[in-house]
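Report on the following structure.
The values are calculated or read from the model by the stated rules, or taken from the named source; none is laboratory data. Please read all numbers here as calculations on a predicted model, not as lab measurements. Glycine gets a Cβ as well: all are built from the backbone with ideal geometry, and neighbour counts include every protein chain shown. Note: accessible area is taken over every heavy atom of the protein model, side chains too, but ligands, DNA and RNA are not part of it. Shrake-Rupley method; radii C 1.70, N 1.55, O 1.52, S 1.80 Å.
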Amino acid sequence: MKQLLKLALAGLACAVLLGCAHPINMNPDLATVKASGITVIDKSVGFHISDASKAIEVTTPGGGGDKVRYFPYRDIEPGIYKALTEVFRNVTKIKDPKDAEEFRKSGVSMLIVPEVTTNSFSDSVLTWPPTQFTVNLTCTVLDASGKPFHTVRVSGDGRATFDEFKSNFALAAVRASNDALAKLVKALGEAPELRR
């Protein structure tokens, strides 16, 4: 019994020394994802994020030696879909981009496959939520034959102070997602390659 107690105390000490990973989400505010000053592209496009990508959990730095963990693809997927609907006439989620029959039946002329990378930071030694967060989106655009012909890259930044995030620990992450999606709408809407 003493041995078990010692092991439990040692594990607790390690957790305190190494910090822990707090769960947050980086879900964007969909009401802020809007096109402004661009003409909708009169095309049907497909959108694909694999189930494997949506299952990826990422851990990045927080404050006070702690970390935060979240699911970037799963969290931002609704925001990317909304961004695409702001730019294109019709957007369809494609389950399997290698399924020629699904691709043909969907009637899409191009497929957009996003890659999401993130990072976070905090200058606080006392609180764990990140004060700075970055979301990088790289969207590869493929034609109907599956050949890549255009890439859009944007980076969103979000910052939050202690007074702001004490009621929303993920505030910097949400702001970074919002910023990245606003830039994505603009970059897609202004890309002449997507209008041809």
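Remarks
- Residue 92, sole failed condition from (1) touching a helix residue (DSSP H, G or I) at 6+ places or on another chain (Cβ under 8 Å); (2) closer than 21 Å to residue 178 by Cβ; (3) polar (S, T, N, Q): (2)
- Residues of segment 55-85 that are in contact (Cβ under 8 Å) with a residue 60 or more places away in the chain, part of a strand (DSSP E or B) and β-branched (Val, Ile, Thr): 58, 60, 68.
- Odd one out for residue 12, checked against (1) modelled with pLDDT of 95 or more; (2) exposed (fewer than 12 other Cβ atoms within 10 Å of the Cβ): (1)
- Residue in segment 181-192 that is without any contact (Cβ under 8 Å) to a residue 40 or more places away in the chain, not aromatic (Phe, Trp, Tyr) and not in a helix (DSSP H, G or I) present: no
- Total residues in segment 152-178 satisfying the condition of being of a type in the set (Ser, Thr, Tyr), open to solvent by 60 Å² or more (accessible area, probe 1.4 Å) and over 12 Å from residue 131 (Cα atoms): the figure is 1.
- Meets criteria (touching a His at 6+ places or on another chain (Cβ under 9 Å) and within 17 Å of residue 181 (Cα to Cα)) for residue 113: yes
- For segment 46-76, the candidate set comprises residues that are farther than 23 Å from residue 184 by Cα and among the basic types (Lys, Arg); within that set, the residue that is surrounded by the most Cβ atoms within 10 Å (Cβ to Cβ) is 67.
- For segment 132-170, the set of residues classified as part of a strand (DSSP E or B) and under 15 Å from residue 194 (Cβ atoms) consists of 139, 140, 141, 142, 143, 148, 149, 150, 151, 152, 153, 154, listed by residue number.
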